[in-house]
Amino acid sequence: DFSCIIPDILSSPAIPGNIADIVELLKKISLLLSENVNREKMQSYSRIANHILNSSIISNWAFVRDRNASSILLDSVNLFAGKLLLRNGSERIQEHFISTKGYSIHKNTSGKSFDFSMEFNNTGNITGHVVIPEEELLKLPKTSKAISIAFPTLGAIIETSRLDPGFVNGMVLSVSLPEELRHILFTFEKVNKLENVKAQCVGWHSAERRWDSRACRVKSDNISSVVCICRHHRRTFKSFSILMSPRMPRSAVLDYVTRVGLGFSIFSLILCLIIERVVWHHVTKTEITYMRHFCLVNIATSLLIADTLFILAAVVHNTALNYQLCVAATFFLHFFYLALFFWMFTLGLLILYGLLLVFFKITRSVFIATAFSIGYGCPLVISSLTVAITEPKNGYLRSGACWLNWYETKALLAFVVPALSIIVVNVVVVVVVVVKTGRSSVGEGCKSQDLRNMIRISKNIALLTPLLGLTWGFGLATIVDSRSLAFHVTFALLNAFQGFFILLFGTLLDRKTREALKMNCLSSKRKCSLAK
């Protein structure tokens, strides 16, 4: 009998430390004292749980140290309530923020239902409805019991404690049923009745501690409620709810912009690499131009591979392939996007070398070794450390996408910080070029050609750096305001057309490259004439 501790618990403030202690206490009670759970025991347990499920203290959960506390609470209540003994074939225990109902069931019972109407906040109640279809009950070999638990505030608590923008838009409904019963109908009243926004039926994956859309499908959806058909599994899926626009707005425009833009970007990058191959011997006659085109080729290659992986990562996620494949796709995506920025950084260092270290010459072999160490070595170290540190804690992947986690482990900083730092450095480089060329006299003799080359390279950086910075600035904005369609479309548009920007500003607008292309075309025409 643990009812003697209830007065002390209810008189304690529901501050983060106390919430964590009460969750741990409920966990221990469910593991050690779950034999012969009668009505009195369940009432005591519900009163304790109700204290930390109160709608007025939801924000306190954000400061509970253990991010899995809300998940532990859900599992503990489900375990304890599942042992409830039914008196006279039914039972009902009601608190403000947790309600438990139970019925005896057998195969000759007509379809069984549980109806809940509970307080969510000061504005009023929300309802939930659980139905066990008659065809499911026919599978029962003997008389059994069905328990259902309703939590009107737990969805918001899970959302708050996980710092995740997935918006739970109904009560969480749990069921404890015989193993034979698999498909259950749930009706959720929506908290926010928004037009033109689809709901997503989900089940709570107990092992992975996340909402999983594979557990349910939508049967019907209207402005006020959603009917879900969900797959019950005693070990994995026992709790269900609805998400509303879980992480980003669904939009046909966004999908279209992303697909068309990425396809155009990949085509532009392939064209860029073909042009570089055609004009290579004409435009790499000096050390500086060789180094410039060497960096440009690697920038285009890195972005081409990253764009291709972006598409593959979307396919991996959408087809629900295995977790390891998603981790691998995210690792290489992280690596090649970082490589894009570090090769831009190498291009910036090349300008500083040409302008400031006038009397210091480096050979091609030394340059190539240094450039590869910066362009691919640094991204490899950063991406490897990121996965090594965050993956053991299941904090590498973002929930709902094959990309770096932000809400739990801030793994995304391993991309954002290096990328934005390089953008700042390259902006400084452009400023140095402007100051240096402004002071340079026209007659600098043998260095005038190198100076013109430096100016051409700095123009590339001056154009590409703001575009990259603007692109990933909007990428950060989509994290800050994940439901803004404008931010998502702008980011998708800029991100998708990065390849075209590299083709345009790195290749097509370069005078030497255009001249080399003309020479190559004229040479081809002469060869055709001679052949004829």
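Enter the accessible area of His129 (Å², nearest 10), with the probe set to 1.4 Å and all protein chains included.
50 Å²
In nanometres, what is the gap between the two model label sites at Phe264 and Glu24, each 7 Å from Cα along Cα-to-Cβ?
5.7 nm
Using a/c under 1.5 as the rounded threshold, could you call the stretch 5-244 rounded, prolate or oblate? The axes a ≥ b ≥ c are square roots of the C-alpha gyration tensor eigenvalues, and prolate needs a/b larger than b/c, oblate otherwise. Mind showing how you got there, number by number?
Numbers: a/c = 1.69, a/b = 1.12, b/c = 1.50.
It comes out oblate by the Cα gyration axes.
If each of Arg526 and Arg234 carries a label point 7 Å out from its Cα toward its Cβ, how far apart are those two points in nm?
Here the modelled spin labels are 8.5 nm apart.
Leaving ligands, DNA and RNA out of it, work out the accessible area of Tyr376 with a 1.4 Å probe and give it in Å² to the nearest 10.
40 Å²
Just by accessible area at a 1.4 angstrom probe, what is the order of Phe335, Phe487, Phe80, Phe267 from largest to smallest?
Working: Phe335 25, Phe487 70, Phe80 0, Phe267 125 Å².
Largest to smallest exposure gives the sequence Phe267, Phe487, Phe335, Phe80.
Can you check what the net charge comes to around Ile19, using other residues whose Cβ is under 13 Å from the Cβ of Ile19 (Lys, Arg +1; Asp, Glu -1)?
Working: positive: Lys27, Arg65, Arg67; negative: Asp21, Glu24, Asp66.
So the surrounding residues net to 0.
Ordering Asp75, Asp255 by how much accessible area each has at a 1.4 Å probe, largest first, what is the list?
Numbers: Asp75 50, Asp255 75 Å².
Ranking Asp75, Asp255 by accessible area, largest first, yields Asp255, Asp75.
If I take R0 = 41 Å and measure r between the Cβ atoms of Asp1 and Val381 in this structure, what FRET efficiency does the formula 1/(1 + (r/R0)^6) give, to the nearest 0.05?
On the way: r = 58 Å, r/R0 = 1.42.
The computed FRET efficiency comes out at 0.10.
Sticking with the crude label model, points 7 Å out along Cα→Cβ, report the distance from Ile389 to Arg364 in nm, one decimal please.
Going from the Ile389 label point to the Arg364 one covers 3.9 nm.
Could you work out how much longer the chain between Ile15 and Ile274 gets when fully extended? Use 0.36 nm per residue separation minus the Cα distance between them, nm to one decimal. Display every interim value, and only then the final one.
Details: separation 259, 0.36 × 259 = 93.24 nm, distance 6.29 nm.
Length gained, Ile15 through Ile274: 87.0 nm.
Under a cut-off of 22 Å between alpha-carbon atoms, report the lysines in cross-link reach of Lys145, not counting same-chain residues fewer than 8 places apart.
Correct list for Lys145: Lys41, Lys83, Lys101, Lys107, Lys112, Lys238.
Here are some pairs, Lys28/Lys393; Lys285/Lys525; Lys410/Lys436; Lys28/Lys139; Lys27/Lys198; which of them have Cα atoms lying more than 28 Å apart in this structure? Before the final figure, lay out the partial values.
Details: Lys28/Lys393 24 Å; Lys285/Lys525 24 Å; Lys410/Lys436 40 Å; Lys28/Lys139 34 Å; Lys27/Lys198 35 Å.
Correct reply: Lys410/Lys436; Lys28/Lys139; Lys27/Lys198.
Calculated FRET efficiency, Lys219 and Leu325, Cβ-Cβ r, R0 35 Å, to nearest 0.05?
Values: r = 31 Å, r/R0 = 0.88.
About 0.70, to the nearest 0.05.
Please name whichever of Ser12, Gly128, Thr236 sits farthest to the positive end of the charge dipole of the stretch 5-244, dipole taken about the Cα centre and charges placed at Cβ: Lys and Arg +1, Asp and Glu -1.
Thr236
Roughly speaking, what is the stretch gain from Lys142 to Asn38, that is 0.36 nm per residue apart minus the C-alpha to C-alpha distance, in nm to one decimal?
Working: separation 104, 0.36 × 104 = 37.44 nm, distance 2.19 nm.
Extending this stretch completely gives an extra 35.2 nm.
As an exercise, use a Förster radius of 25 Å and the Cβ-Cβ distance of Arg92 and Asp66 to find the FRET efficiency, rounded to the nearest 0.05.
Numbers: r = 32 Å, r/R0 = 1.27.
Result of the calculation: an efficiency of 0.20.
Per-residue accessible area for Arg234 at 1.4 Å probe radius, Å² rounded to 10?
Roll a 1.4 Å probe over it and Arg234 shows about 120 Å².
Please check which bits of the stretch 193-235 a label hung off Ser55 would reach, taking the label as a point 7 Å along Cα-to-C-beta and the cut-off as backbone N under 18 Å.
193-194, 224-225
The values are calculated or read from the model by the stated rules, or taken from the named source; none is laboratory data. Because the structure is a prediction, the values reported are computed rather than measured. Every residue, glycine among them, receives a Cβ derived from its backbone with ideal geometry; neighbour counts consider all protein chains shown. Keep in mind that these areas ignore ligands, DNA and RNA; they rest on the heavy atoms of the full protein, side chains included. Shrake-Rupley method; radii C 1.70, N 1.55, O 1.52, S 1.80 Å.
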